[in-house]
1. Gain in length, Leu57 to Leu145, computed as 0.36 nm per residue apart minus the alpha-carbon separation, to one decimal in nm?
2. Can you find, among Val147, Ala83, Val103, the residue sitting farthest towards the positive end of the charge dipole of the chain, where Lys and Arg contribute +1 and Asp and Glu -1 at Cβ?
3. Any idea what the dipole of the chain comes to, in debye rounded to 20, about its Cα centre with Lys/Arg Cβ at +1 and Asp/Glu Cβ at -1?
4. Once you've got the GNM for the chain with C-alpha springs shorter than 10 Å, pick whichever of Thr117, Thr65, Thr127 has the biggest mean-square fluctuation.
5. So, taking all protein chains as they sit and a 1.4 Å probe, how much accessible area belongs to Asp24, in Å² rounded to tens?
6. Under 1.5 on a/c is rounded, so check that first for the chain, then, if it is not, pick prolate when a/b is larger than b/c and oblate when it is not; a ≥ b ≥ c are the square roots of the alpha carbon gyration tensor eigenvalues.
7. Give the ranking of Asp58, Asp72 by solvent-accessible surface, highest area first, calculated with a 1.4 Å probe.
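The values are calculated or read from the model by the stated rules, or taken from the named source; none is laboratory data. Keep in mind that this is a model prediction, so the values were computed, not measured. Cβ placement follows ideal geometry from the backbone for every residue including glycine, while neighbour counts extend to all protein chains displayed. Only protein heavy atoms, including side chains, enter the accessible area calculation; ligands, DNA and RNA are left aside. Shrake-Rupley method; radii C 1.70, N 1.55, O 1.52, S 1.80 Å.
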Amino acid sequence: MTDVRLTPLDGGSLARLLEAAVADAGPLEVMPPLDGPPGWTPERRAAFLAFHRRRSLDPATAVETTWVIDVDGRAAGAARLEAAGDVVEAGIWLGRSVRGRGVGRRAMAELLDAARTGGAARFVASTTAGNAAARRLLVGMGAELAVRGDDVDATLDL
Ligand SMILES: CC(C)(COP(=O)(O)OP(=O)(O)OC[C@H]1O[C@@H](n2cnc3c(N)ncnc32)[C@H](O)[C@@H]1OP(=O)(O)O)[C@@H](O)C(=O)NCCC(=O)NCCS
């Protein structure tokens, strides 16, 4: 059976996460859009590192907790929780080579546990109308989906 582990992000695992993203995902799947030529340019790699340092690693600016998702001992994606009051927002991405094997479902179950343990009252996540895997994953967790045009907002009371 596939071994799936969530490890809190730190400086060492951030380097492994970037490698996994470059090898197995598109920039738009794993980080906010950045102007410039497409693909994993040096600027985009630097922005990926800066994004995670700012949002998770630097205590002065951190707004979320991020985990590296290791699949059979190799970094394969990331999961995150961002709390605002008693609402916690989740996000997840996986490299293409591990999608569709139940890893997302298992990682989301761990996020849900972490959200409950942290005392959140509501779990939310967003995706797009065309993202069938994410929609199915969220419905499978018991979330209610609200579709507004291309935006899909999922909510689960904990
Ligand atoms: C969205 C994502 C995290 C799902 O993880 P995953 O490991 O591929 O999904 P799983 O294999 O755990 O499957 C979860 C459910 O989605 C379904 N599913 C998986 N891939 C699918 C696809 N391409 N089309 C339709 N349904 C799909 C599975 O059958 C399963 O449903 P079930 O439990 O009812 O059988 C992953 O595909 C991904 O990283 N995509 C790119 C980034 C992204 O879109 N993130 C969105 C965050 S909300």
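1. Values: separation 88, 0.36 × 88 = 31.68 nm, distance 3.11 nm.
Here the segment from Leu57 to Leu145 would lengthen by 28.6 nm.
2. Val103
3. Numbers: 19 positive and 21 negative charges, 74 e Å.
My answer is approximately 360 debye.
4. Of the options given, Thr117 has the highest mean-square fluctuation.
5. For Asp24, solvent-accessible area is about 40 Å².
6. Numbers: a/c = 1.35, a/b = 1.29, b/c = 1.04.
Rounded is the answer for the chain, as its axis ratio a/c remains below 1.5.
7. Details: Asp58 65, Asp72 90 Å².
Per-residue accessible area, sorted high to low, gives Asp72, Asp58.
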